[in-house]
Structures are given as C-alpha cells and as structure tokens.
Amino acid sequence: MVGGCRRTAAGGRRLEDDGRGQRVEDGGWRTAAPPRRVGRVTLSSSEREQFLAEPHIGALSVVEGPDRAPLTVPIWYQYTPGGELWVRTGTDSRKARAIRAAGRFSLMVQRTEPSVRYVSVEGPVSRTAPDSPELSWEMAARYLPRDKVAAFVEYDRTRLGEHFVIYLRPEHWVSADLGSF
C-alpha cells in the first residue's frame, strides 16, 4: 500500500490505514479519528510584546543592496512593551553601515520549548545615540549571569571598540505559537 500503513487490530484483524480511515481485513471500514493538526496561532499584541521583552538572542536582518540577500546576524537587544527596541553595535560595523543606508531593519526571536514560538518585528530607525557604560551594563546584565557582567563590560570597553545605540520603532509584527510537537 502506498502512503499507508498496516497493523493488527485487537482480535488479530489486520487493518490498513490510508489516511481516510482504517479498512478492516474483512472489507469493512472503521473511520479513524482525524489526525491532530498543529496549527499556527497568532499571538495577541500583549503576548507578542511580552515575548519580545524576554531575553532571547535576536536575529537582526537588514537589506544591504539590491544584488544581495539581507544581512542576518545574531544580536543582543532590549525591548520594553510599548516602547522602542534597541541594539548596540560597532559604529563602523557592516550591520551599522547597512542599517544607516536602509533606514530600517527587522529582528526575529524564537524559542522551541515548551512550544515553538516566534516574534518578528520590523520598522524604521527612530533614532541613534552614543553608547554609554550604563547601556552596556544594562544589555550585559540582561543576558549574562550577574557575576560575569562586570568582566564583559570591561572586555567590551577595552577590546570591542566604540559602539552606538540604534533604536527601532516597531511598525510591522509577525508572530505565532506553533504548539508543541
């Protein structure tokens, strides 16, 4: 049987399942329960904003030019529901140059446990600002254990070069909870 399966039912009767139901060996049909469908459920505004506010690693995407696919890189970010999303990056990094040229970017975050869930947000750059030790500390404290923050901030200051902050005003959202598998 193509695309189906054979198994033995209670009482030793052979069953064939072709997706429409089960045919008992004696020729009769027993309808199978429909398969459980895992459906996409769009998150409410408050659910998607709360999920984005959690400390996930973001995938930032920005168009670099008409002859290239978007640049997509992992990044730490900060977001407060109802506010702007912000990221820190090197002042002359590839992503900073692309964001300046495009004037907008997108960020996607996801999880796989306890269910598959994602939020993608896209919008224009609303402003930029100089980086500060306080913003560096805030971002590091969001992602690192408390006892690692000071060392990272020092490493960031002495080894990673000058940064600035880019703010995004969320304009377009895509979100879903795909359930658990």
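The values are calculated or read from the model by the stated rules, or taken from the named source; none is laboratory data. Here the structure is a predicted model, which is why all the values come from computation and not from measurement. We place every Cβ from the backbone using ideal geometry, glycine too, and count neighbours over all the protein chains shown. All accessible areas refer to the heavy atoms of the entire protein, side chains included, with ligands and DNA or RNA removed. Shrake-Rupley method; radii C 1.70, N 1.55, O 1.52, S 1.80 Å.
Listing for the model above:
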read-out	value
Failed criterion for Val121 (all others in (1) within 18 Å of Ser175 (Cα to Cα); (2) out of contact with any Leu (no Cβ under 6 Å at 6 or more places or on another chain) hold)	(2)
Strands (runs of 3 or more DSSP E) wholly inside region 73-146 that include at least 1 residues being touching a Gly at 6+ places or on another chain (Cβ under 7 Å) and open to solvent by 50 Å² or more (accessible area, probe 1.4 Å)	104-111
The one condition in (1) loosely packed, with under 13 Cβ neighbours inside 10 Å; (2) assigned to a strand (DSSP E or B) that Leu178 fails to fulfil	(1)
